[in-house]
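Have a look at the structure below, then the notes.
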Amino acid sequence: MDRLSQDLRHAISRLLRDRGFAAITIVTLALGIGANTAVFSLVQTVLLQPLPYGDAGRVVMVWGPDRAETTWLSLQEVVSYGRQSQTLAAMSGYQELDANLTGGQEPERVRAAAVTPNLFDLLRVPAALGRLVFADDEQAPATRSCSATACGNGASAAPRTLSGAPSR
């Protein structure tokens, strides 16, 4: 213990004598600790925390048959593969889209997704607000558009309409 206190006194006196070296040392340590914290936070969030839905280890993503490049499945393919699959317990699909949120003072451009009715049941996630999509809500695949009602910021806010077409 005596040796440790002697080493600490020597290190502090050395740092006080050469302030430039002390500043560089402190900045280097701060950057190293900050970078280490950032990398650990990223690894923790992306790799170590479980995904926010049930049985995440059993969820897979299915791509189209073109092996040369990543291709998405059409709605007809999702339905067909889901019916024919003997390996998958269930199959669902989604397609991201840009949509307009109207009904407020100004229309607002938002990111949305067109989903098959069983997506939320498959992922075992509840609706955060409003209700889930039901099989009755499904439109004919040829229409390629969606329309749903979204809630405003308060209980007395007027309903707002979300409309858009899937991006290609």
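Bear in mind these aren't lab numbers, they're just calculated from the coordinates by the rules spelled out. Keep in mind that what you see is a predicted model, and the values were worked out from it rather than measured. Don't worry about glycine lacking a Cβ; one is built from the backbone with ideal geometry, like all the others, and counts go over all protein chains shown.
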> Residues in the stretch 95-116 near a label at TRP72, defined as backbone nitrogen under 12 Å from the 7 Å Cα→Cβ point?
Replying inline: 95-98, 112-116
> What is the list of residues in the stretch 5-38 whose amide nitrogen lies under 17 Å from a point 7 angstrom out from the Cα of LEU48, following Cα to Cβ?
Replying inline: 33-38
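Would you mind calculating the gained length between ALA90 and ALA38 on full extension (0.36 nm times residue separation, minus the Cα-Cα distance), in nm to one decimal?
Details: separation 52, 0.36 × 52 = 18.72 nm, distance 3.73 nm.
Working it through step by step, the gained length comes to 15.0 nm.
Go ahead and run the numbers for FRET between ARG58 and ALA30, Cβ-Cβ distance against an R0 of 41 Å, rounding to 0.05.
On the way: r = 43 Å, r/R0 = 1.05.
Calculated transfer efficiency: 0.45.
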> Counting pairs of Cα atoms in the stretch 22-69, how many percent are more than 18 Å apart?
Replying inline: 61 percent
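Sort 40-47, 120-127, 90-97 for me by packing, meaning the mean count of neighbouring Cβ atoms within 10 Å per residue, highest on top. Present the calculation step by step, with values, prior to reporting the outcome.
Values: 40-47: 9.5, 120-127: 12.6, 90-97: 16.5.
Ranked by mean Cβ neighbours within 10 Å, highest first: 90-97, 120-127, 40-47.
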>> When 1/r is averaged over all different Cα pairs and the result inverted, which Kirkwood radius in Å belongs to the stretch 2-48?
In response: 12.9 Å
